[in-house]
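These notes concern the structure reproduced below.
The values are calculated or read from the model by the stated rules, or taken from the named source; none is laboratory data. Since the structure is predicted, the reported quantities are computational estimates derived from the model, not experimental observations. As a convention, Cβ positions derive from the backbone with ideal geometry for all residues, glycine included, and neighbour counts pool all protein chains shown.
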Amino acid sequence: MRNVGLARLLLVLSVAAGLAHAQRRTVWAGVYTETQAARGEIAFGRSCANCHALATEGKIPLVGDLFWKSFSQKTVGELLQYVSTNMPNGAPHSLSEDVYADIAAVMLKANGFPAGATELTSKSITDVQIIPKDGSTKLPANALVRVIGCLSRSGSDWIVTSATNPVRAEQSEAGEATRSLGNRTMTLKFVLTKLDTLAGSRVAVNGLLIGADGAEGINVTAVNRVAPKCN
């Protein structure tokens with residue numbers, strides 16, 4: 001009977017996890033309107049076009065590879081925060097909340113995300129994820145990331161074994177000293193500090209991905225011990 005009860009509990013948990021995944025909101029559901037994007041294009045031209053381009057080329061493009069490098073696996077809420085914090089150049093936070101939302105809308109449209117029936121607002125898009133249409137969780141090359149793993153030597157290179165999948169550096173979580181590790185090996189490149197005293201310990205590595213999802217390693221910006229032993 002205990003086994004039956006356990007099986008039922010596992011089934012309930014599995015269904016709940018599946019529903020949560022299915023209910024995950026993404027930009028592909030349409031989180032702005034065409035009318036809002038049209039307003040955003042006018043606002044962008046007035047306040048942002050001197051420094052940025054809504055194209056893959058031009059002055060600091062906000063479309064294509066550079067958009068994905070900056071915002072893949074983040075939320076539309078974080079995109080809106082970026083717009084409010086950095087635009088216009090030299091005068092951040094100087095536009096109204098509605099105008100910033102309109103500018104975020106036209107950025108989404110310029111990157112090929114579909115319009116919907118409801119306008120984008122700071123409350124409506126807090127947890128809406130920016131991910132590729134195929135749902136891939138891989139981060140693009142040059143994204144600033146953080147991985148946790150076991151530091152060791154491999155020939156002349158430092159590597160992190162049992163590494164977790166890369167996540168955005170600013171998305172680091174508590175419990176890194178005890179969290180479950182992964183099964184990846186990441187090569188550390190351009191290490192400018194001595195790491196000998198950290199060998200064999202659990203470390204957190206921050207840096208820029210070399211190749212998509214770090215296929216060729218991490219361009220290291222920081223390595224810190226999070227636990228004296230890696231287990």
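Brief remarks on what is shown
- Some residue of region 70-87 being touching an Asp or Glu at 6+ places or on another chain (Cβ under 9 Å) and more than 24 Å from Ser136 (Cβ to Cβ): yes
- Taking the listed residues Asn111, Asn89, Asn50, the one that is touching a Cys at 6+ places or on another chain (Cβ under 9 Å) and of a type outside the set (A, V, I, L, M) is Asn89, with no other qualifying.
- Any hit, region 109-125, residues being surrounded by 14 or more Cβ atoms within 10 Å (Cβ to Cβ) and touching a strand residue (DSSP E or B) at 6+ places or on another chain (Cβ under 8 Å): yes
- Residues being surrounded by fewer than 14 Cβ atoms within 10 Å (Cβ to Cβ) and either modelled with pLDDT of 95 or more or aliphatic (A, V, I, L, M) (or both) - total across region 126-153: 1
- Any hit, region 202-220, residues being over 23 Å from Ser70 (Cα atoms), buried (at least 17 other Cβ atoms within 10 Å of the Cβ) and not assigned by TED's automatic domain parsing to the domain that holds Leu66: yes
- Inspection of region 5-14 identifies no residue that is within 24 Å of Lys74 (Cα to Cα), surrounded by 10 or more Cβ atoms within 10 Å (Cβ to Cβ) and either touching a Pro at 6+ places or on another chain (Cβ under 9 Å) or modelled with pLDDT under 90 (or both).
- Apart from one condition, Ile60 fits all of (1) in contact with a His (Cβ under 6 Å, 6 or more places away or on another chain); (2) under 18 Å from Phe113 (Cβ atoms); the exception is (2).
- Residue match in region 78-101 (condition: closer than 16 Å to Thr35 by Cβ and touching a helix residue (DSSP H, G or I) at 6+ places or on another chain (Cβ under 6 Å)): yes
- Looking at region 21-122, the helices (runs of 4 or more DSSP H) lying wholly inside it that each contain 2 or more residues that are outside the structural domain of Asp213 (by TED's automatic domain parsing) and closer than 25 Å to Glu170 by Cβ sit at 65-71, 76-86, 97-110.
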